[in-house]
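The values are calculated or read from the model by the stated rules, or taken from the named source; none is laboratory data. On a predicted model such as this, the values are computed, not experimentally measured, just so you know. Quick reminder, even Gly has a Cβ in these numbers, built from the backbone with ideal geometry, and neighbours come from all protein chains shown.
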Amino acid sequence: MNHNIYIYILIMIGVTYLIRMLPLTLMRRPIRNVFLTSFLYYVPYVTLSVMTFPAILQATASPWAGAVAFVIGIFAAWRGANLFKVAIICCVIVFALEYLFVP
Amino acid sequence: MAFREGMRDSIPIALCYLAVSFSIGIIAANGGVSAMQGFFTSFFCMASAGEYIGFTLIAAQATYTEVALMTLIANARYLLMSAAWSQRMNPSLSIGHRMLMALDLTDELFAIAIARKGYLNPLYSYGAALFPAICWASGTALGCIAGDILPSRIVSALSVSLYGMFIAIIIPPAKENRIVAYIIVACFILSAAATYLPLLSSLSSGTRIILLTVIISAAAALLFPRKPETEIPQ
């Protein structure tokens, strides 16, 4: 089956917008259900973790460079580096390692 | 004035978005998304994880239902942030302002808006959204084009900036909260297992992420329930 890229994009935009818009316009009271609030609290960390590893190993030309960037990125974030710094540190490490070791 | 304050506070965020959206653009180009389409999608989505998974699924020619479902799950945290924002709004604020503010509710813009005192000021949020939205969309468009033009070494290096951003989001709360730290480690292990083990590795990456997210988050919510007062992240 052939899929239309514009339909894909409109679905992404529509769903993303509704998620952000509906609580803001409809909610007047906080969520009380403990399971639901806990679930929603953990979702971002779980999704981001699952998407980061092992995908970071497959994103680079050499999986070893990705692995080192992963470990040092975690270390830098643990030591308080902000979003921008961690992103740049990871890029620089991959570039340097691949420049030195990948022919 | 609030508009200008928002613009000023958002400059570091905009720079970060420019670097990270580049790798989103590289992924988008893999799925046959043009620079124009990438710009358009990023301008209106403003979501790193959501767009990452969306473009990955487009590259895999996934069904429309899969794209909708995965966009929903990858962005589920915005439900929570939107709910948190709704608690900080002047009850008389018009629905038009609420709908416009919702457009650029990202992790970072959520954080800088919530850090201010009193009711949220829509003008501050519009000012804060301006540069980041332009940078995020332009970065994606550049990534779509540059994937072909730049040397492969540079593309390889830039493609990890997205993961660097993910790491920078998940690690600080893990430092504060040991349960979150254990859950993150469990996620890494289970995700690696699901990627490499014989039977599970036949799942598409989108399905794998959906299943792992729902199962691990539900298990965490059952094992370590949180009190409603602590529902707001950061």
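Here is a yes/no grid of residues against (1) charged (D, E, K, R); (2) within 7 Å of chain A (Cβ to nearest Cβ); (3) free of Cβ contacts under 8 Å to residues at least 40 places away in the same chain; (4) over 20 Å from B:Cys45 (Cβ atoms):
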site	(1), (2), (3), (4)
B:Leu130	no, no, no, no
B:Gly143	no, no, no, no
B:Gly147	no, no, no, no
B:Met165	no, yes, no, no
B:Ile170	no, yes, yes, yes
B:Asn177	no, no, yes, yes
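Figure legend. Inter-residue proximity from the range B:113-128: first residues modelled with pLDDT under 90, second residues among the hydroxyl-bearing types (Ser, Thr, Tyr), beta-carbon distance below 6 Å, spacing 6+ or different chains. Indicated pairs: B:Ala113/B:Ser125. Right, B:Ala49: within 19 Å of the chain's Cα centre (by Cα) and closer than 15 Å to A:Tyr8 by Cβ or not? Here the answer is no, as B:Ala49 does not meet what is asked. Residues of the range A:23-61 that are assigned to a helix (DSSP H, G or I), over 30 Å from B:Ala157 (Cα atoms) and more than 7 Å from chain B (Cβ to nearest Cβ): A:Leu26, A:Leu36. For residues that are more than 9 Å from chain A (Cβ to nearest Cβ) and assigned to a helix (DSSP H, G or I), scanning just the range B:190-209, find the one that is modelled with the lowest pLDDT. The residue in question is B:Gly206.
Taking the range A:46-103, which residues are touching a helix residue (DSSP H, G or I) at 6+ places or on another chain (Cβ under 7 Å) and of a type in the set (D, E, K, R)? Listed by number, the residues that qualify are A:Lys85, A:Glu98. Where residues in the range B:16-45 are out of contact with any Cys (no Cβ under 7 Å at 6 or more places or on another chain) and not in a helix (DSSP H, G or I), which of them is surrounded by the most Cβ atoms within 10 Å (Cβ to Cβ)? Looking at the filtered set, the residue picked out is B:Gly31.
Counting only residues that are more than 7 Å from chain B (Cβ to nearest Cβ) and closer than 15 Å to A:Ile56 by Cβ, the range A:75-87 holds 2 of them. Looking only at residues of the range B:57-72 that are in a helix (DSSP H, G or I) and facing another protein chain (nearest Cβ under 7 Å), we find that the one that is farthest from the chain's Cα centre (by Cα) is B:Tyr64.
Please go through the range B:179-195 and pick out each residue that is in contact (Cβ under 8 Å) with a residue 24 or more places away in the chain and not small (Gly, Ala, Ser). Passing the criteria: B:Ile179, B:Ile183, B:Cys187, B:Leu190.
Residues in the range B:87-110 that are of a type in the set (A, V, I, L, M, F, W, C), within 17 Å of B:Ala128 (Cα to Cα) and in a helix (DSSP H, G or I): B:Met99, B:Leu100, B:Met101, B:Ala102, B:Leu109, B:Phe110. Of the set (1) more than 24 Å from B:Leu150 (Cβ to Cβ); (2) at pLDDT below 90; (3) buried (at least 24 other Cβ atoms within 10 Å of the Cβ), all apply to B:Ser48 but (1).
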